[in-house]
Amino acid sequence: MRSVVRGGRVLVGDPGEGRFREADVVVEAGRIAGITSGAPVSDARIVDAEGALVLPGFVDTHRHTWQTAMRGICADWTLLEYFRGIRLQISTAFGPEDVYAGNFVGALEALDAGVTTLLDFSHCLNSPEHADEAVRGLREAGVRGIWAYGMFPVPLEDAPFAAPGDRLADARRVRERHFSAAGLLDMGVALTELGLVPWEVTSAEVALARELDVMVTAHIGSVTSAQRPPEIELLHSAGLLDRRQVHVHCNACSDRELDLLADAGASVSLTPETELQMGMGFPIFARALARGLVPGLGCDIVSNNRGDLFAQMRLGLQAERARANQPALDAHEMPAELTLGVRDVLRFATLGGAQALGLGAVCGSIEEGKAADLVVLRTDGLHMAPLNDPVAAIVLHAGPADVEAVLVGGEVVKDGGVLAAGRDAAARSLVGASRDRIVAALEPRGGLLPPAPEGWFEITTQVMAQNLAGAGWAPAS
């Protein structure tokens, strides 16, 4: 079907350059066929962009979409509380229908906010049925992205996957069943955190991704400790580091580790809101950019924060400015200039994220031949008037409520400020029922966040050291 996004100010080319022009965007067969003035509309569906900005769809490079039903419960949690509550407790109560609800509604939330592409780090796969329903949720929502099969073994009493090899075999099944043909979704592998499983299992997880010819993503450097293992160095030494990888957070990584990531051609994803709240540290924008690593941005968990990239752009930008300004303030001086700009973070949330996911030739910018993943952003609100600098308005003033229309691969999934087919009401009911099931199941088991067992973190650290001995690493004595 032919469509025309008509009458807007179009952000053309690399979003970091901030070039706008008054134009129509012509869409044919799911792709951008032209960026022109006065495009013929007699045989086309019209998406009205008069007085609005037309942007490339946002790209979220790290999201645990399955957690949607737990919205906001982590508001006052640290990273260690999150690990105990979500990863070791709440995830055990998720059935396949809950993973479906989380992924379906979470992907709709993303689309509603103009996020057209995401990397879904799906680490609540308690059975083969959980995996099938996770994929179904994203696919039925109509989002583009990479669904990364989570290798983390959720601690279940009667686990359908009795051994790591069972999970590897199921990932092969999923690849064959759900990803044998090209489509909006591709598959990836989400590694278990290094040290939580024996090193030979980590090696097998990376080997599986290479066998299946899919991307790897991993949580790296999110925990600061005197005994922290140099995760990237261990991967490098074992020949497990390569360009088709997205490493998430990396706050605690050494300069040497970041150098290795850059040398390998790997990518990084930063999630400013969770990193600042949960004790991971300042996002590594400056350290990444100094090495030629263009970071992507991620919402991470809507069990904590909102699922849009407007907030992550703002928080990331101002957190980096605060970090960079502090040395001058400590010297009782005022900063002479700012080190990161609004155009930088807009690029991170669009083309930079697409490049991180290996999709830079597909999406992330408005160019002829690319997929028609487009966002129409209203500018008629008082919080946007007068519109002096469009990029500043996008990054510092706009929010999900300003998203008027969204296209994914030319398909109009939101128009007139409303999701297609009135799916939002049904989505609210679906995810609410999921929340009720999970909370009821956990009530007799100590609730969402039971008291921490004495010494649990120290025991976990010891187990990690034992597992990483297989990589030749031992903590300093």
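The values are calculated or read from the model by the stated rules, or taken from the named source; none is laboratory data. Treat the numbers as computed from the prediction; the structure is a model and nothing was measured. Don't worry about glycine lacking a Cβ; one is built from the backbone with ideal geometry, like all the others, and counts go over all protein chains shown. When the accessible area is computed, the model is the full protein with side chains, heavy atoms only, and any ligands, DNA or RNA have been set aside. Shrake-Rupley method; radii C 1.70, N 1.55, O 1.52, S 1.80 Å.
Quick notes on this one:
- Neighbour net charge for T117 - beta-carbon separation under 13 angstrom, K R +1, D E -1: -1
- Under 5 Å between amide hydrogens, built in the peptide plane, is the criterion, and for D186 it picks out G145, I146, W147 among residues at least 5 positions away or on other chains.
- Summing charges over neighbours of G416, with a neighbour being any other residue whose Cβ is under 12 Å away from its Cβ, gives -1 when K and R count +1 and D and E count -1.
- The simple spin-label model puts a point 7 Å past each Cα toward its Cβ; for E337 and E367 those points are separated by 2.7 nm.
- S42 paired with F457, simple spin-label distance in nm, labels 7 Å along Cα-to-beta-carbon: 7.0 nm
- For segment 96-197, the calculated P(r) over all alpha carbon pairs, in 5 Å bins from 0 to the bin holding the longest distance, is 3, 13, 24, 25, 18, 11, 5, 1 percent.
- Estimated dipole of the chain in Debye, rounded to 20 [Cβ of Lys and Arg +1, of Asp and Glu -1, Cα centre]: 380 debye
- Dipole size of segment 1-47 about its Cα centre, with +1 on Lys/Arg Cβ and -1 on Asp/Glu Cβ: approximately 100 debye, rounded to the nearest 20.
- Area of C253 that stays accessible when all protein chains are in place (1.4 Å probe, Å², to 10): 10 Å²
- As an equivalent ellipsoid, segment 17-172 spans semi-axes of 39, 18, 12 angstrom, where each value is the square root of five times an eigenvalue of the C-alpha gyration tensor, largest first.
- Value in Å of the Kirkwood radius, where segment 1-45 supplies the Cα pairs that are averaged: 10.9 Å
- Along the axis of the charge dipole computed for the chain (Cβ charges of +1 for Lys and Arg, -1 for Asp and Glu, origin at the Cα centre), the listed residues H219, A361, H130 are led at the positive end by A361.
- Proportion of all alpha-carbon pairs of segment 284-394 beyond 16 Å (%): 68 percent
- For segment 293-340: relative contact order, % (alpha-carbon pairs under 8 angstrom, 6 or more apart): 25 percent
- Rounded, prolate or oblate (a/c below 1.5 giving rounded, otherwise prolate when a/b exceeds b/c) for segment 328-475 by Cα gyration tensor: oblate
- Taking the square roots of five times each eigenvalue of the Cα gyration tensor of segment 60-137, the equivalent ellipsoid has semi-axes of 19, 17, 10 Å, listed largest first.
- Centroid-to-centroid, using Cα positions, segment 47-126 and segment 372-404 are 23 Å apart.
- Magnitude of the charge dipole for segment 386-477, about its Cα centre and with charges confined to Cβ atoms of Lys, Arg (+1) and Asp, Glu (-1), is about 320 debye.
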